[in-house]
Structure formats: C-alpha cells, structure tokens
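The values are calculated or read from the model by the stated rules, or taken from the named source; none is laboratory data. Keep in mind it's a predicted model, so treat the numbers as computed, not measured. Ideal geometry is used to build each Cβ from the backbone, glycine not excepted, and the neighbour counts take in all protein chains shown. Side chains are part of the model used for accessible areas, which takes the heavy atoms of the whole protein and leaves out ligands, DNA and RNA. Shrake-Rupley method; radii C 1.70, N 1.55, O 1.52, S 1.80 Å.
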Amino acid sequence: MPKPALQLFGILLLVGLAAGVKEDAPFDLFLLVWTYSPGFCMKEKCTVDPISAFTLHGLWPEFENGKWPQYCKTGSAAGSLPDDTAELRCKWESFKGPDEEFWAHEWDKHGTCAQPVVGNRPTYFRTTLDLDEMYDLDEALAAHDVTPSDSHSYAAEDLLNAISDSYGAAPLLKCKGKSLVEVRMCLSLDLKPIDCPPALKSECGATVKLPEGEQGRPARGPTWSTEQELELQLRQPDLPSNVVQN
Ligand code: AMP
C-alpha cells in the first residue's frame, strides 16, 4: 500500500478503535513502549549492533496499580502478522534474537490481553506501527536539541518536557545506570497520550545519557528503500507457520 494510503488507513483504524472502546475493558490503560538500543545493549547481550533511534518494544495493557495482565487466552482465530514484515523489521527490531520470536512473544504476552480493545493479531501489530508513526520520539527529542551523544548528558526533565511538548503527556523513562534503555508512554483506552498513574514510575536519575549507536540502519519508513526491504526479505525467510498461524 502507498505510504499516504497506509497512513490514512492507520488513522481510520485508530479512530475506529477509539469509537469502539468498551467501558468494561479488562484493564485501565496502555503502555506504548520503545527500546533505546544503545542503552538496552549495555544491559543485555545484543546479537545486532544498536542504532541511534527508538524502536518499538510493544503495546502493553496495564492496570493503574502498576500490575498488568499477561498471556491471556484468545478466542477463535487470532489472525496473522501484517503482510509487510519489512516495516515491522525496520520499526520493531529485535536486538537479541530473531525478530519473529520477539514479535511472537509480544503478541503472546501482551497482545492477547489487549485483544478485547485493540483486536486480533494483525490489528495489534498495525495499530502499534501506526502509533509509532504518530508518536515519533526521535523527532520530538531532536526538536528540543536532545540527540544521541557519547559526550553529553541531559536532564531527565528535558527529555520528559520535549515529549510532553510534542504529544501532550510525559512518558516514563527506564535506564541502566545513566543510559536510557526504554521509554514508556501511557495511553488511554482510546489510544491518546495521558499522564501516567502515580503507581507507574520512571527509573532514571536526574541526568540521562543517550549513547550513540549505529547510524546506517534507518529505523523509519521514508528512508527505508525498496532495495533494503528486498535484501532483508532475501536474508530473512518467511515466518515459520507456528508463528504466523493460529
Ligand atoms: P516483555 O517480556 O515484553 O515484558 O519485555 C521484556 C523482555 O523483552 C526482556 O527479555 C527484554 O530483554 C526484551 N526486550 C526488550 N526490548 C527488546 C528488543 N528491542 N529486542 C529484543 N528483546 C527486547
């Protein structure tokens, strides 16, 4: 699908979901979670080089008290991944193992519980990709001169204010030492940014570092060329049937 059509489809999907939110949703809010791989790879043994950009970790249902549902039983057909796995590979990359295993884990652990509000597996992945398109952390931070740097430290407040200025609510930050590992944005059940409930806390100190990663592997669609997609598809065979099928 061409990009403008894809964006329109995404917006309609989100509007549709927002209109259909159930009062009796079995959780209170969502966390939209991104990995900052240069920090993540200081904490975990990565199998690919980290990049200077935020990539998706997942869309998680959450309770206001800081607990969350996980590994929910799904009804009938849960559906497959979106056809365009090149977009998933680019924006929802696994830094420690096969992408397919990471996606399957996110669906099994979180997506299955988000299903009453978000819908089945293709909608879960499409919705999360569309949210990533709408809430571009790299752009929000760069607009406030917060860019990856091995030499600079930033006030945690600067990161929170930059994201809050752009999207209306401050997220949660997770660090390893001073290095940023993850950003978690709280979303209402109709998928709008909200202030996080008090039980959910940032885990960074007053200063935060965004170490530099590789520049050469673009994390976002517009710079991702057809040749690169083709090359990836050739390198990465189709998903095994136990991952994409019910
Ligand atoms: P979860 O199980 O979804 O709550 O997330 C925690 C797990 O995801 C941990 O094992 C992390 O190491 C892993 N994780 C987080 N971000 C990534 C990433 N970008 N690539 C691979 N694994 C990740």
In order over segment 151-157: 3J(HN,Hα) from phi, Karplus 6.51/-1.76/1.60, θ = phi - 60°, whole Hz, x for each Gly or Pro, gives 9, 8, 10, 10, 5, 3, 4
The rounded separation in angstrom of the Cα centers of segment 157-175 and segment 47-96 is 21
Here segment 112-121 yields Karplus 3J(HN,Hα) values (6.51, -1.76, 1.60; θ = phi - 60°; whole Hz; Gly and Pro given as x) of 4, 7, 7, 3, x, 9, 8, x, 6, 4
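Order the following by accessible area, largest value first: His110, His57, His105. Probe radius 1.4 Å; ligands, DNA and RNA are ignored. It would help to have the intermediate numbers written out before the result.
Details: His110 10, His57 35, His105 75 Å².
Ranking His110, His57, His105 by accessible area, largest first, yields His105, His57, His110.
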If amide H atoms are modeled at 1.01 Å from N in the peptide plane, then the residues at a separation of 5 or more from Ser179, or on another chain, having amide H under 5 Å from its own are Lys209
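Once you keep just the Cα pairs under 8 angstrom separated by 6 or more residues, what percentage relative contact order results for segment 40-112? Display every interim value, and only then the final one.
Values: 54 pairs, mean separation 36.4, N = 73.
For segment 40-112, the relative contact order is 50 percent.
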Checking segment 114-191 for trypsin sites (Lys or Arg not before Pro) in a loop per DSSP with at most 14 other beta-carbon atoms within 10 Å yields none
Sorted largest first, the C-alpha extents of segment 140-214 along its principal axes in whole angstrom are 38, 25, 22
Computed ³J(HN,Hα) along segment 162-169: with the Karplus parameters 6.51/-1.76/1.60, θ = phi - 60°, integer Hz and x for glycine or proline, the list is 4, 6, 5, 4, 6, 10, x, 8
